[in-house]
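Please treat every number below as a calculation from the coordinates, not as lab data. Since the model is a prediction, treat every value here as computed from it, not as a measurement. Quick reminder, even Gly has a Cβ in these numbers, built from the backbone with ideal geometry, and neighbours come from all protein chains shown.
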Amino acid sequence: MPSKLKDDEVQELYAWVDQVPLSRPKRNFTRDFSDGVLFAECVNYFFPRLVEVHNYSAANAFSQKMYNWQTLNKKVMSKIKCVMSQKEMEDCANCVPFAMEK
């Protein structure tokens, strides 16, 4: 995975995500996706049989965010051969800038 994304790649990603109907508006991409819920909704949009969105609840607490990411990683990402590392999940849950975009 590249360490730095180009601006045009990031803008292309944002435009792609904008096409997906999400349950809440996107204001700050990093923060809005930090609990894994919107990510689960994106995957569900393209692979509806793969993700049961009701298993993921909006969260502010780091522990609940990590639970969501670990569940996604185990039940969903592993099936599409795109497993996230512990650090990647922690970075997303901690709202590290551009962690989600990577």
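Would you pick out the residues in the range 1-18 that are assigned to a loop (DSSP other than H, G, I, E, B) and closer than 21 Å to Met77 by Cα?
Selection gives Met1, Pro2, Ser3.
Based on what the data block shows, is Tyr45 of a type in the set (Phe, Trp, Tyr) and free of Cβ contacts under 8 Å to residues at least 24 places away in the same chain?
no
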